[in-house]
C-alpha cells in the first residue's frame, strides 16, 4: 500500500499526539502487530503496538511536559519520512529540552510496520 500524503499526515499526527499527551491508546490502530522499531529503546528491540506504548511511557516518564510536532513530511512508495521537533521540560530539575529527530516509517495495510529514527540536533 502506498503511503499517501493523507495517510502520512494522519499517522504522524497520531504518533505526535501519543507522545505529547501520553495517551497511547491509538497504538493498536496506528501500528501493525508485526511492527518493528529498528531504533529500539535502551538496546531493547521494540515490537508491536505494546512495544510502541513502552516507548511513549519511557518518554513521558522523563518529561513533566512534552510537545512533539512533525515537519518536512514526504512520502515515496510505502515510506514516510519526516522531521520531528521535541520540546519538553525534564522531570529531573525542570530544565527545558529541545531536539529534532529524523524519522522513516514503512506502511503496510494502512499501519506502520517498521520505523528507523535518529537524533538530528
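Report, in degrees rounded to the nearest 10, the 0 to 90 angle that the Cα long axis of helix 5-21 makes with the longest principal axis of the chain.
Long axis of 5-21 versus the principal axis of the chain: about 20 degrees.
Contour minus end-to-end for residue 98 and residue 47, with contour as 0.36 nm per residue of separation and end-to-end as the Cα-Cα distance?
Length difference between fully extended and current span is 15.7 nm.
Calculate the FRET efficiency for residue 65 and residue 120 from the Cβ-Cβ distance with a Förster distance of 25 Å, rounded to the nearest 0.05.
The computed FRET efficiency comes out at 0.70.
Roughly speaking, what is the stretch gain from residue 1 to residue 29, that is 0.36 nm per residue apart minus the C-alpha to C-alpha distance, in nm to one decimal?
8.5 nm
How many angstrom lie between the C-alpha centres of the stretch 94-121 and the stretch 1-67?
A separation of 9 Å, based on Cα centres.
What is the chain's relative contact order, in percent, from Cα pairs under 8 angstrom and six or more apart in sequence?
Reported relative contact order: 28 percent.
Enter the angle in degrees (range 0 to 90, nearest 10) between the Cα long axis of helix 48-62 and the first principal axis of the Cα atoms of the chain, meaning the one along which they spread out most.
For 48-62 against the chain, the angle is about 20 degrees.
Relative contact order of the stretch 63-121, please, whole-number percent, based on alpha carbon pairs below 8 angstrom and at least 6 residues apart.
Dividing the mean separation by the residue count of the stretch 63-121 yields 28 percent.
Taking every DSSP beta bridge that has both residues in the chain, what percent is antiparallel when rounded to the nearest 5?
Antiparallel bridges: around 90 percent, rounded to the nearest 5.
Values in this text are rule-based calculations from the coordinates and carry no lab data. Just so it is clear, the model here is predicted, and its values are computed rather than measured. Reconstructed Cβ throughout: ideal geometry from the backbone, glycine too, with neighbour counts over all protein chains shown.
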